[in-house]
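Each remark here refers to the structure printed beneath this line.
Please treat every number below as a calculation from the coordinates, not as lab data. Fair warning: this is a prediction, and the values are worked out from it, not measured in the lab. In this analysis, Cβ positions are derived from the backbone assuming ideal geometry, glycine residues included, and neighbour counts consider all displayed protein chains.
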Amino acid sequence: MELVRKFISLSVGKPKEHKWKNKLELSGISKEKIENAFLTKEGFIGDGVANTEFHGGPDRAVCLYPYEHYQMWGKEFNKSFTPPSFGENICVSNMLEKEVFIGDIFSLGESLVQITQGRIPCSTISKHNGEDTLLGRIVVTGYTGYFFRVLEEGRVAFDSELKLVERKQKRVSVLQANYILFHGRKNRKAVEELLEVQELAGIWKKKLKKIL
């Protein structure tokens, strides 16, 4: 039986100036919920990033954040977090990092997407949510969300279905990949195993080769 993955929100946004701790910064983390958008190989029409070194590009065209984490962070920080507080394009339930694998291909509305990497979070997440320790907790837990590349372009609506089309491998989940990059760099065997995943994003391969 196909697992039901419930779409919670679809969001896009162009980079804007934010004032965090009396300092102006340009960031694309602040997105707005929309009803539908066309998804291209570079991302959703109407979406954008400020720092192209760490964000955007074909391997990071779509960002997903699992809905279940919202409740967990809410309890931990004793405040309400609502999508898209983590700057994600899509928020979906039943898509936890431990449940999906690098290389997984999904149909998303009219498009076809493939998981490429876990998200490498930056301090913008803490600043945007007003919680200095949030970034550290995301890194510790590995609850980062993750990125897709677009294999086939198409229109996506807020009530679209996300269906698994093909699973390329079952050795390395997104959560395992996050753990290796953040906490397991000295485990040569694990690093080498992650590098063997053909579908892994190019930037991660580069980082892992440097570690070796």
Within the chain, what is the longest stretch that has no trypsin sites (Lys or Arg not before Pro) placed in a DSSP loop and near at most 10 other beta-carbon atoms within 10 Å?
22-169
May I ask you to work out the translational diffusion coefficient for the stretch 1-83 at 20 °C, viscosity 1.002 mPa s, via Stokes-Einstein with Rh from the Kirkwood sum over Cα pairs, reported in whole µm²/s?
145
Mean separation of Cα contacts under 8 Å, 6 or more apart, over the residue count of the stretch 7-170: relative contact order %
30
Based on other C-beta atoms within 10 Å, arrange Phe182, Phe148 from fewest to most.
Phe182, Phe148
Given the convex hull over the Cα atoms of the stretch 157-212, what projected area results after averaging over all orientations, in nm²?
5.0
Interchain or long-range residues, amide H under 5 Å from Leu162's placed H
Arg5
Give the share of C-alpha pairs in each 5 angstrom bin for the stretch 43-159, from 0 to the last occupied bin, in whole percents, shortest bins first.
2, 11, 22, 25, 20, 13, 6, 1, 0
Listing Ile180, Ile211 by rising number of other beta-carbon atoms within 10 angstrom, fewest first, gives Ile211, Ile180
Around Ala157: net Lys/Arg minus Asp/Glu count, Cβ-Cβ under 10 Å:
-3
Filtered hits (lysines, Cα-Cα < 17 Å from Lys210, offset >= 8 within chain) -> Lys186, Lys189
At most 12 other Cβ within 10 Å, DSSP loop - GluC sites (Glu not before Pro), the stretch 1-97:
Glu2, Glu35, Glu53
How big is the chain on each of its three principal axes, counting only the C-alpha atoms and giving the largest first in Å?
44, 38, 32
Quick check on my link table: of Lys168/Lys205; Lys33/Lys168; Lys31/Lys127; Lys19/Lys127; Lys19/Lys75, which ones sit more than 21 Å apart, alpha carbon to alpha carbon?
Lys33/Lys168; Lys19/Lys75
